[in-house]
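Data first, discussion second: the structure below is written as structure tokens.
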Amino acid sequence: MRKNRITPRLLVAAVLVLSPLRHLNAEEGLSPLERELLTQLYSADERERVNAAIKLSSYSDTKEVVEALINAAASDPDQMVARVSLRSLGHMGAEDALELILEKAAEAPLPVMMEAMSAARNFSDQKVLEMLLEKASDPNSLIRQRAIGYLWDRDDDRIKLLLLKKLEDPAEGVRLASLKAIDQREETGASEVLEVALGSDRSPAVREEAARALEKYTNRAKALKSALNDSDLIVRMTAARSLAGQGSSSGLKTAIQEVKSSDARVRVLAVEIIGLVGSVSNRVFLEEASRDYDRRVQRAAEAALKEMEKRIKIKEKSK
């Protein structure tokens, strides 16, 4: 006669299922759907638990739901369930979960740690700020990058100095995150920092971001014009696009030269520039681009044609 075997997997599932069910009958104010999701959160099927953790944050932030998600984030054997539970707790702004979130941000497998950091950014607690400042100097560049991305809207005098320091970080992603944060914070002297990055950073991605961000600083047009000679085509085109956004046609020649580039990103930038500062005689480039095989280029060309028509009408009215 065949005997039923109790495997470790079944034992874990049994614990997950049985431990919360004793509380379900006592829950008040929960809809049938919420009760069903709470039951699914302790299913033996990881996919059901993930699905339940995602949906629960949209339906309720009651004590029972928060406690169930905290339990899943703390003890579920599946990392994805723990991550999604942390995400939901952060989305809900569940204050009762903050201690656990900070605990996971401090020490957990990398994917869970990153999710905990993301969840923590939804809280204004000083402990979150201190955690992010500490993580900004973590040995792992991905963690440093993530922490800096979450610090930009915090109010603390230490952040500006930290961001400036991180512009010298050996990791491209960290420097890029720092530059974006400086731009978003609109710190005093931000345009100067962006100009320095545009002219000296070894990473094309960082120089590209600097060129993009400098569009709103008309007093830095000279730096953008210098970037038209950058060794990287995307940087040159981004600088030309920012100049066009300022009303300068300095990069128009470059745009016309590259409007048929093999790189769709370059073609998009080219048609945007032509739409902003091109003449009526340049309309043919936009019409051709509107039939491009890449939908992104098509949309950019269609928008550029409308922009050109708008400029022409304004010019005619002013005569």
Problem set entry | Contour minus Cα-Cα distance for E36 and K63 (0.36 nm per residue) | 8.1 nm
Problem set entry | Per-peptide average of other Cβ atoms within 10 Å, ordering 273-279, 65-71, 132-138 highest first | 273-279, 65-71, 132-138
Problem set entry | Coarse-grained scattering of region 197-264 at q = 0.16, 0.19 Å⁻¹, given as base-10 log I(q)/I(0) from a Debye sum over alpha-carbon atoms | -0.45, -0.63
For this session: Using a Gaussian network model of the chain whose springs link C-alpha atoms within less than 10 Å, name the residue from S118, S203, S31 with the highest mean-square fluctuation.
Result: S31
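In what sequence, highest mean first, do 240-248, 174-182 appear when ranked by Cβ atoms within 10 angstrom? List each step's numbers first, then the result.
Values: 240-248: 21.1, 174-182: 24.3.
Result, highest mean first: 174-182, 240-248.
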Problem set entry | Hits among lysines - C-alpha to C-alpha of K55 under 17 Å, sequence gap 8 or more where chains match | K63
Seminar exercise, completed: Flagged as over-length at 24 Å C-alpha distance, from K222/K317; K180/K310; K253/K310; K222/K306, the pairs are K222/K317; K180/K310; K222/K306
Problem set entry | At 0.692 mPa s and 37 °C, Stokes D of region 252-319 from Kirkwood alpha-carbon radius, µm² per second | 282
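What is the fewest-to-most order of T238, T62, T188 by other Cβ atoms lying within 10 Å of their Cβ?
Values: T238 29, T62 16, T188 8.
Neighbour counts put them in this order, fewest first: T188, T62, T238.
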For this session: Apply the Kirkwood formula to the chain: the hydrodynamic radius equals the inverse of the mean of 1/r over all pairs of different alpha-carbon atoms; give it in Å with one decimal.
Result: 23.3
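Laboratory data are not the source of any read-out in this text; all were calculated from the coordinates shown. From a predicted model like this one, the values you see are computed outputs, not experimental measurements. Cβ sites come from the backbone with ideal geometry, for glycine too, and all protein chains shown count toward neighbours.
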